[in-house]
Amino acid sequence: MEKCIIVHYHEIGLKGKNRRFFEDKLKESLKEALFGLKYDFVERIFGRIIIKLLEESDFKRMKEKIKNVFGVANFSLGYSVEPDIEKIQVAAGELMKQRKLRSFKVETKRAWKEFPLTSPEISSKVGGYLRAKTKVKVDVKNPDVICFIEIANPKRAFVYLGKIKGLGGLPVSTGGRVVALLSGGIDSPVACFLTLKRGVGVVFVHFHSYPQTPKASQEKAALLAKLLTQYQFRSKLYLVPFLNIQKEIITKCPAKFRVILYRRFMFRIAEEITKKERAKALVTGESIGQVASQTIENIGVIEEAIGLSVFRPLIGMDKEEIIDLAKKIKSFEISILPHQDCCSLFIPKHPATKASLAKVKGAENKLNNIEKLTNEALRGAEIKTFSYGK
Ligand code: ATP
Ligand code: MG
């Protein structure tokens with residue numbers, strides 16, 4: 001009887017031939033998340049990942065880590081035993097002993113069909129044993145806890161009590177990589193989280209107007225990048241100086257197009273970073289209609305500056321929903337720290353809400369050094385790296 005954590009996943013099962021690849025990535029993610037904690041080993045057994053524990057393993061701490069691993073549908077503390085009814089009963093009794101319960105039921109899944117008892121027979125035998133041993137009553141409709149039994153193969157059965165919900169999503173780096181525009185605001189970290197959820201790695205880019213504005217925005221971006229590193233284990237943050245570009249735009253272009261022109265430059269610089277980082281798209285925290293620069297017309301005019309897909313995971317979310325999620329992932333408390341965003345500098349009183357592409361391009365033509373400005377900003381970027389738990 002070996003103590004272990006049984007980890008289940010959902011979507012990975014659907015991936016056909018890619019299954020092995022996804023399972024290996026999930027296994028790697030679990031190892032990264034559990035860095036520094038004591039356990040024996042992590043292994044892949046068709047349809048699940050098993051973390052074999054040691055006497056000194058601290059399940060409470062491991063639980064908190066596994067809860068943040070994308071790709072985990074649910075997980076449980078339990079035992080791996082030989083598929084023998086008596087051994088299964090003993091393991092179930094051991095688990096029940098550790099908990100104060102009023103009622104339970106047993107559910108059995110039998111992948112190995114040659115096991116001499118059927119699933120209902122196993123459930124009934126184990127249920128009877130537990131009732132006699134613990135005096136806890138059976139309640140099939142509304143039990144305090146379900147005792148799960150899985151007969152996996154001729155060598156293994158798993159016994160566990162209840163299921164702890166995981167984050168869902170897909171394991172990190174199963175879906176390629178993007179560059180995300182990370183401001184110090186509430187939205188973009190949530191957009192990054194939702195991107196990471198789909199197994200896509202995120203390279204963070206923050207634009208700042210230092211020394212015109214204090215370093216606070218860069219520090220916030222770093223705190224947010226560090227927070228989000230728990231989902232991908234290693235991150236890079238580009239801190240890009242943006243003041244020179246803003247000064248050029250302010251002196252040479254009409255005030256009403258400022259924010260749109262800033263954004264077009266941000267997109268260009270981010271596009272260059274995708275090339276260096278072998279990323280395939282951009283991500284922003286934009287959501288239609290939230291602010292003047294985010295009308296569908298303006299979004300289109302901004303995006304026209306580059307030749308890449310731009311993903312906006314918050315497009316269908318209300319501010320309230322975004323804030324709820326920000327609170328859940330704990331980015332909210334960082335985002336509301338005071339800072340001055342580079343785009344709040346020199347904001348005109350009447351920004352264009354439905355800019356025409358021709359007019360914006362006309363305004364931009366007043367700048368005859370777009371490429372030079374882009375390259376200079378890129379060269380001036382400071383790169384910070386983050387490693388989870390190290
Ligand atoms: P956020 O809360 O993410 O700042 P917002 O609702 O304030 O979003 P805007 O300020 O218009 O919206 O910014 C739209 C998007 O542009 C942001 O979500 C972010 O992806 C990007 N962005 C804005 N400012 C910066 C910046 N200084 N550095 C990097 N990205 C930025
Ligand atoms: Mg903002």
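Could you work out how much longer the chain between ALA132 and ILE296 gets when fully extended? Use 0.36 nm per residue separation minus the Cα distance between them, nm to one decimal. Show your work: numbers first, answer last.
Working: separation 164, 0.36 × 164 = 59.04 nm, distance 6.65 nm.
Additional length available on full extension: 52.4 nm.
Can you sort ASP84, ASP187 by solvent-accessible area, 1.4 Å probe, largest first?
On the way: ASP84 65, ASP187 20 Å².
My answer, sorted largest first, is ASP84, ASP187.
Got a sec? What order do LEU308, LEU261 fall in by accessible area at 1.4 Å, biggest, i.e. largest, first? Working shown, then result.
Numbers: LEU308 40, LEU261 0 Å².
Order by accessible area, largest first: LEU308, LEU261.
Nearest 10 degrees is fine. How inclined is helix 258-277 to the longest principal axis of the chain, computing both from alpha carbons?
In the chain, helix 258-277 runs at an angle near 50 degrees to the longest axis.
Would you tell me the accessible area of MET266, worked out with a 1.4 angstrom probe on the heavy atoms of the protein chains, in Å² to the nearest 10?
10
At a Förster distance of 30 Å, what's the computed FRET efficiency of LYS215 paired with GLU304, Cβ-Cβ distance as r, to 0.05?
The computed FRET efficiency comes out at 0.40.
Net charge near GLU86, counting Lys/Arg +1 and Asp/Glu -1 over other residues with Cβ under 15 Å of its Cβ?
Details: positive: LYS87, LYS125, LYS133; negative: GLU82, ASP84, GLU94, GLU121.
The answer is -1.
Counting other C-beta atoms within 10 Å, and keeping those with at most 12, which DSSP coil trypsin sites (Lys or Arg not before Pro) do you find in the range 212-307?
Working: sites: LYS215, LYS220, LYS226, ARG234, LYS236, LYS247, LYS252, LYS256, ARG258, ARG263, ARG264, ARG268, LYS275, LYS276, ARG278, LYS280; in loops: LYS215, ARG278, LYS280.
Answer by residue number: ARG278.
Would you compute, from DSSP H runs of 4+ residues alone, the mean residue ellipticity of the chain at 222 nm, taking -39500 (n - 2.57) per run and dividing by the full residue count, rounded to the nearest 500?
-12000 deg cm²/dmol
With a/c under 1.5 counting as rounded, go ahead and sort the range 40-194 into rounded, prolate or oblate using the C-alpha gyration tensor (a ≥ b ≥ c being the square roots of the eigenvalues; past the cut-off, prolate if a/b is larger than b/c, else oblate).
Numbers: a/c = 2.45, a/b = 1.94, b/c = 1.26.
It is prolate, given that a/c is not under 1.5 and a/b is the larger ratio.
So with the 1.4 Å probe, I'd like the accessible area per residue for the chain, rounded to whole Å².
Values: 18830 Å² over 390 residues.
That works out to 48 Å² per residue.
Which lysines does LYS252 reach when only Cα atoms under 18 Å apart count, and residues fewer than 8 places away in its own chain are ignored?
Of all the lysines, those that pass the test against LYS252 - Cα under 18 Å, at least 8 places apart if same chain - are LYS349, LYS359, LYS361, LYS366, LYS372.
For the chain, which span is the longest to avoid every loop-located (per DSSP) member of GluC sites (Glu not before Pro) having at most 11 other Cβ atoms inside 10 Å?
On the way: sites that count: GLU55, GLU56, GLU114.
It works out to 115-390.
Can you return the lysines within cross-link range of LYS215? Criterion is Cα-Cα under 19 Å, with same-chain partners fewer than 8 residues away left out.
Excluding near neighbours in sequence, the set is LYS226, LYS236, LYS247, LYS384.
To the nearest whole percent, what portion of all C-alpha pairs in the range 219-345 is separated by more than 24 angstrom?
Result: 35 percent of Cα pairs exceed 24 Å.
Sequence-distant or interchain residues sharing an amide H contact under 5 Å with ARG110, placed H: which?
ILE151
Apply the Karplus curve 6.51 cos²θ - 1.76 cosθ + 1.60, θ = phi - 60°, to the phi angles in the range 154-160 and return the couplings in whole Hz, x for Gly and Pro.
x, 9, 9, 9, 10, 10, 8
By the gyration tensor of its Cα atoms, with a ≥ b ≥ c the square roots of the eigenvalues, what is the shape of the range 281-390: rounded for a/c under 1.5, prolate for a/b over b/c, or oblate? Kindly include the intermediate steps, with their values, before the conclusion.
Numbers: a/c = 1.85, a/b = 1.29, b/c = 1.44.
Oblate, since a/c reaches 1.5 and b/c is not below a/b.
Under the classification rounded if a/c is under 1.5, otherwise prolate if a/b is larger than b/c and oblate if not, where does the chain fall, given a ≥ b ≥ c as square roots of the Cα gyration tensor eigenvalues?
On the way: a/c = 2.95, a/b = 2.85, b/c = 1.04.
The shape class here is prolate.
The values are calculated or read from the model by the stated rules, or taken from the named source; none is laboratory data. Not measured: the values here are computed from a predicted model. Counting neighbours? That spans all protein chains shown, and the Cβs are built from the backbone with ideal geometry, glycine included. In case anyone asks, the SASA skips ligands and DNA or RNA and just uses the protein heavy atoms, side chains included. Shrake-Rupley method; radii C 1.70, N 1.55, O 1.52, S 1.80 Å.
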